[in-house]
């Protein structure tokens with residue numbers, strides 16, 4: 001099983017970091033290169049993606065001109081109806097006039113052909129994301145890296161998890177960073193995955209910003225959160241059960257296997273070596289043999 005990382009915003013640099021570290025998915029996904037300082041933007045769009053299997057942005061206002069890019073090119077910041085800010089997809093050549101008083105409505109002020117081009121570009125990205133979210137073969141690790149203080153993080157997080165759980169991939173995890181979370185949730189203190197919000201989450205009480213791709217110290221700190229989840233996964237056993245592959249954490253002290261994405265699903269180990277695994281659940285015995293892909297496959 002492959003590990004696929006999916007950025008859920010709230011700014012460009014998490015995806016830039018993943019590409020620098022050569023972490024899949026390298027191909028552009030729809031939330032990668034925007035500003036999304038409202039978590040509701042993400043879960044509202046995901047809910048519509050689940051329902052319609054695609055999504056088309058409707059652009060609202062031109063907010064300002066900027067040069068926040070490596071080429072110092074003058075671009076337009078444009079908002080959409082869900083509160084996502086497109087910073088790098090329109091430039092001043094897309095305007096239909098010389099008006100520079102902002103904000104101003106997109107309609108009648110931006111070239112319609114350019115609007116349709118960007119809509120189609122992202123429509124394809126959403127359809128690709130839909131395939132990934134329903135792919136049952138890979139591990140999906142979502143990153144919601146909030147570079148702002150979110151006072152309503154708890155309700156936002158519950159809604160985000162609910163939207164992600166609409167999709168059928170069974171091996172979903174979330175890394176969530178936000179300075180407003182409770183201290184005891186921080187992985188650096190708890191040293192464990194949290195299961196209280198409806199999916200496995202690793203919390204970090206820290207505000208990451210663009211320095212994760214420009215400053216060596218911050219880059220190392222951000223890299224640690226990736227290393228932590230990968231270390232946890234690498235310590236697990238891969239088991240095929242109900243025709244789906246799942247990771248199980250091996251608790252040697254108690255001779256138990258805990259499903260990594262559902263801590264309440266527990267196998268009691270009867271026998272375990274490099275080739276065979278015998279476990280019990282609810283007094284029913286299950287026997288697994290390791291196949292050529294190093295997956296313990298159910299045989300009885």
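The values are calculated or read from the model by the stated rules, or taken from the named source; none is laboratory data. Owing to the predicted nature of the structure, the values given are computational and were not obtained by experimental measurement. Glycine gets a Cβ as well: all are built from the backbone with ideal geometry, and neighbour counts include every protein chain shown.
Selection of segment 1-28 for residues being in a loop (DSSP other than H, G, I, E, B) and closer than 18 Å to residue 146 by Cβ yields 8, 9, 10, 11, 12. Within segment 143-160, being crowded, with 19+ Cβ neighbours inside 10 Å and under 25 Å from residue 246 (Cα atoms) holds for 143, 144, 157, 160. Residues that are farther than 12 Å from residue 296 by Cα and either touching a residue at least 24 places away in the same chain (Cβ under 8 Å) or surrounded by 19 or more Cβ atoms within 10 Å (Cβ to Cβ) (or both) within segment 237-257 comprise just one, 257. Per the conditions (1) farther than 30 Å from residue 159 by Cβ; (2) within 25 Å of the chain's Cα centre (by Cα); (3) surrounded by fewer than 17 Cβ atoms within 10 Å (Cβ to Cβ); (4) in contact (Cβ under 8 Å) with a residue 40 or more places away in the chain, the sole criterion not satisfied by residue 262 is (1).
Residues that are surrounded by 13 or more Cβ atoms within 10 Å (Cβ to Cβ), farther than 30 Å from residue 174 by Cα and in contact (Cβ under 8 Å) with a residue 40 or more places away in the chain occur at least once in segment 114-121.
Inspection of segment 40-59 finds a residue satisfying the criterion of being part of a strand (DSSP E or B), modelled with pLDDT of 95 or more, assigned by TED's automatic domain parsing to the domain that holds residue 175 and closer than 27 Å to residue 109 by Cα.
Just wondering, is there one or more residues in segment 252-265 that are in contact with a helix residue (DSSP H, G or I) (Cβ under 8 Å, 6 or more places away or on another chain), under 27 Å from residue 165 (Cα atoms) and outside any loop (DSSP other than H, G, I, E, B)? So far as segment 252-265 goes, no, none of its residues is in contact with a helix residue (DSSP H, G or I) (Cβ under 8 Å, 6 or more places away or on another chain), under 27 Å from residue 165 (Cα atoms) and outside any loop (DSSP other than H, G, I, E, B). Out of curiosity, is residue 226 within 19 Å of residue 247 (Cβ to Cβ), modelled with pLDDT of 95 or more and surrounded by fewer than 19 Cβ atoms within 10 Å (Cβ to Cβ)? Yes; evaluated as a whole, the condition is true for this residue.
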